[in-house]
Amino acid sequence: MLGIDKERIFKSVNIAIVTISDTRTLDDDKSGATLEKRIINAGHNVGGRFLVKDNVIEIKAKLNDLINNLNIDVIITTGGTGITGRDLTPEVFSEVLEKEIPGFGELFRWLSYKKIATSTIQSRAMAGVAKGTYLFSLPGSVGACKDAWDDILVHQLDYRHRPCNLVELMPRLREHEENQ
């Protein structure tokens, strides 16, 4: 079966949104607002919406704070995934992730190619897991946030989605810690 299994009951997850930008405020952050609206419309909970500067120490501190918050299941960042000198999000993700989910970035760029053609090579969108928390790093544009949510995340964060989804794996994300 592919798609929504109507015999399964929807399970909401708690998602934190982190905008990474030197120029935006929460009031004019259209990408964060777009994600927040879509998350709520999908039936999930927004566990906070934050703004941090393009600074390794600040980004890492906020991610670690959220990763260590047992009430947060998923962190979605927007911004800082390009290739300019201030784009640092993938470097910070590489420091905090225990496991990368390379298929997310690959699929995101493949879907993005249909809309922005070869410009998609400038995106370093990525995802992974740290301490049982999923992390997704999206570009800072509204279009990229819509594409990532509508074409990937809304499905993978829906427990009813078949043949498989990320929510059903949540109870097993910390299995390796049991053996330590």
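We did not get these values from a lab; they are worked out from the coordinates using the rules stated. No experiment lies behind these values; they were computed from the predicted model shown. FYI the Cβ positions are ideal-geometry reconstructions off the backbone, even for glycines, and counts take in every protein chain you see.
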Gain in length, residue 69 to residue 117, computed as 0.36 nm per residue apart minus the alpha-carbon separation, to one decimal in nm? 13.5 nm
Specify whether the C-alpha gyration tensor of the stretch 1-73 places it in the rounded, prolate or oblate class, a ≥ b ≥ c being the square roots of the eigenvalues: rounded for a/c under 1.5, otherwise prolate if a/b is larger than b/c and oblate if not. prolate
What number does the stretch 98-180 give for Rg over Rh if you use C-alpha atoms and the Kirkwood radius? 1.02
When the helix-only estimate is applied to the chain (DSSP H runs of n ≥ 4, each -39,500 (n - 2.57), divided by the residue count), what is the mean residue ellipticity at 222 nm, nearest 500 deg cm²/dmol? -9500 deg cm²/dmol
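Looking only at the stretch 53-174, where both bridge partners belong to it, what percent of the DSSP beta bridges are antiparallel (to the nearest 5)? Spell out each step's value before the answer.
Working: 7 of 12 bridges.
Of all bridge pairs located within the stretch 53-174, approximately 60 percent are antiparallel.
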Per the Kirkwood treatment, what hydrodynamic radius in Å, one decimal, follows for the stretch 3-167 from the mean inverse distance over all distinct Cα pairs? 15.8 Å
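Tell me the net charge near residue 146. Cut-off is 15 Å between Cβ atoms, residue 146 excluded, with +1 for each Lys or Arg and -1 for each Asp or Glu.
Details: positive: 30, 37, 38, 114, 115; negative: 29, 36, 147, 150, 151.
Local charge sum for residue 146: 0.
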Which length gain, in nm to one decimal place, applies between residue 7 and residue 40 when the Cα-Cα distance is subtracted from 0.36 nm times their residue separation? 9.7 nm
